[in-house]
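Reading through the structure tokens given below for one structure.
The values are calculated or read from the model by the stated rules, or taken from the named source; none is laboratory data. From a predicted model like this one, the values you see are computed outputs, not experimental measurements. All Cβ positions, even for glycine, are placed from backbone atoms using ideal geometry, and neighbour counts span all protein chains on display.
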Amino acid sequence: MKTLLQIAYFPLFFGGFIGTGIYFTQAQFGFYAIVLLMAAAIAVSFGAERLVPYNPDWNISKSDRLRDVIHGVVNETVNYAGIFLLAFLPAMALSATLWPTHLPFGLQVLMALVIFDICSTLFHYLSHKNAFFWRFHAVHHAQKRLYGFNGIMKHPVFQLFDSVVAVGPLLLLGIPHDVALMLVYSIFIQLLIQHSNVDMKTGVLRDLFATAEVHRFHHLKGKAGDVNFGLFLSIWDKFLGTSYFERRTTPLADADVGIGSEPNYPVQYLPQMLRPFQAQYPAEFAQRDVVSHRGF
């Protein structure tokens, strides 16, 4: 039973919640239906992490629960506020006919996900090579453990940069409001999967999808973590030369993840928000100046 859950978790979680979200959006159930789906996804994620944990110790709070809740509320509020602003940004589209509204809704969502994923992956890659962007991205790498809900742990400034780079092309193409809503919801679902503490077994699927099985290595300390940048798909890392996976006999632990050169990086929310603006920012970026190119 445990093995079956490990194998089925990713396709059922991703396909089930994304598929239900598409159905709810097409049926015009409203924004609150999406919020209920998000709450259900969190509950399922937490439940599975306790049934088949990757690292049982990562199910124990390390004084980070309130912080992660604040990160989640702030970042998701900003995300959905941006969706509502779309109604006031139609003039940004290069042409009213660029977006293929004639395609089935599911294909439109897939198109948005792929475009977003390519742009976001490239900016994510850049944020590990550029000292200025790394200051803000470092917040995401300050976790002492990996579990579903801390995938949303991002500095709002970094989130703004990422949105401009990854959502900007979609705005120029004239992405419809309902497709944009599904995009934001899908990102939330994928972040739950990607940072999950579920001991999922994705097999050949990890060659295509950026599941927790591969993304955990992105959170390794130092240059070892300069791998697996993709959000939805892992194939972009094949082109970047940054794909990495290893079979381990023991799970990654607290000592393996985080910012190696700054072990005392702030844990609480407000100090994390202020950290990138401090004048005496340490030279830990030197560890990430060159991206290590490792393959399968």
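Take the conditions (1) touching a helix residue (DSSP H, G or I) at 6+ places or on another chain (Cβ under 6 Å); (2) in a helix (DSSP H, G or I); (3) closer than 25 Å to residue 62 by Cβ; (4) not polar (S, T, N, Q); residue 154 misses just one of them, which is (2).
A single entry from 33, 96, 27 fulfils the requirement of being under 17 Å from residue 177 (Cβ atoms), among the small types (Gly, Ala, Ser) and at pLDDT below 90: 96. Taking the stretch 1-58, which residues are in a loop (DSSP other than H, G, I, E, B), of a type in the set (A, V, I, L, M) and closer than 14 Å to residue 200 by Cβ? 52, the sole residue that qualifies. Annotation note: of 277, 239, the sole residue that is at pLDDT 90 or above, over 19 Å from the mean Cα position of the chain (by Cα) and within 22 Å of residue 116 (Cβ to Cβ) is 239. If the condition is being touching a Leu at 6+ places or on another chain (Cβ under 9 Å) and polar (S, T, N, Q), then the stretch 211-249 contributes 211, 234. Look at the stretch 165-181: where a residue is closer than 15 Å to residue 97 by Cβ and a partner is modelled with pLDDT of 90 or more and crowded, with 17+ Cβ neighbours inside 10 Å, sitting 6+ places away or on another chain with Cβ atoms under 7 Å, you get 173/99; 174/99; 175/99; 175/112; 176/99.
Each residue in the stretch 110-136 was checked for being closer than 11 Å to residue 229 by Cβ, in a helix (DSSP H, G or I) and not aliphatic (A, V, I, L, M), and 7 pass. For the residues 198, 179, 184, the requirement of being touching a Ser or Thr at 6+ places or on another chain (Cβ under 9 Å), under 30 Å from residue 29 (Cβ atoms) and either modelled with pLDDT under 95 or of a type in the set (Asp, Glu) (or both) singles out 179.
One residue alone among 146, 122, 171 is surrounded by 22 or more Cβ atoms within 10 Å (Cβ to Cβ) and of a type outside the set (Ser, Thr, Tyr), and that residue is 146. Scanning the stretch 1-21 for residues that are buried (at least 19 other Cβ atoms within 10 Å of the Cβ), among the hydrophobic types (A, V, I, L, M, F, W, C) and over 17 Å from residue 46 (Cβ atoms) gives a single hit, 18. Just to be sure before I move on: is residue 144 outside any helix (DSSP H, G or I), touching a strand residue (DSSP E or B) at 6+ places or on another chain (Cβ under 9 Å) and under 25 Å from residue 61 (Cβ atoms) in the structure I sent? It is true that residue 144 is outside any helix (DSSP H, G or I), touching a strand residue (DSSP E or B) at 6+ places or on another chain (Cβ under 9 Å) and under 25 Å from residue 61 (Cβ atoms).
If the condition is being over 12 Å from the mean Cα position of the chain (by Cα), under 22 Å from residue 55 (Cα atoms) and of a type outside the set (Val, Ile, Thr), then the stretch 201-218 contributes 201, 203, 205, 206, 209, 213, 217. Taken over the stretch 40-61, residues that are charged (D, E, K, R) and within 15 Å of residue 253 (Cα to Cα) amount to 1.
Matching residues to (1) out of contact with any helix residue (DSSP H, G or I) (no Cβ under 9 Å at 6 or more places or on another chain); (2) of a type outside the set (D, E, K, R):
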{"position": "190", "(1), (2)": "no, yes"}
{"position": "198", "(1), (2)": "no, yes"}
{"position": "209", "(1), (2)": "no, yes"}
{"position": "213", "(1), (2)": "no, no"}
{"position": "223", "(1), (2)": "no, no"}
{"position": "234", "(1), (2)": "no, yes"}
{"position": "244", "(1), (2)": "no, yes"}
{"position": "249", "(1), (2)": "yes, yes"}
{"position": "267", "(1), (2)": "no, yes"}
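Evaluate the stretch 203-222: report whether one residue or more is in a helix (DSSP H, G or I), farther than 26 Å from residue 5 by Cα and either aromatic (Phe, Trp, Tyr) or in contact (Cβ under 8 Å) with a residue 40 or more places away in the chain (or both). Yes; the residues of the stretch 203-222 include at least one that is in a helix (DSSP H, G or I), farther than 26 Å from residue 5 by Cα and either aromatic (Phe, Trp, Tyr) or in contact (Cβ under 8 Å) with a residue 40 or more places away in the chain (or both).
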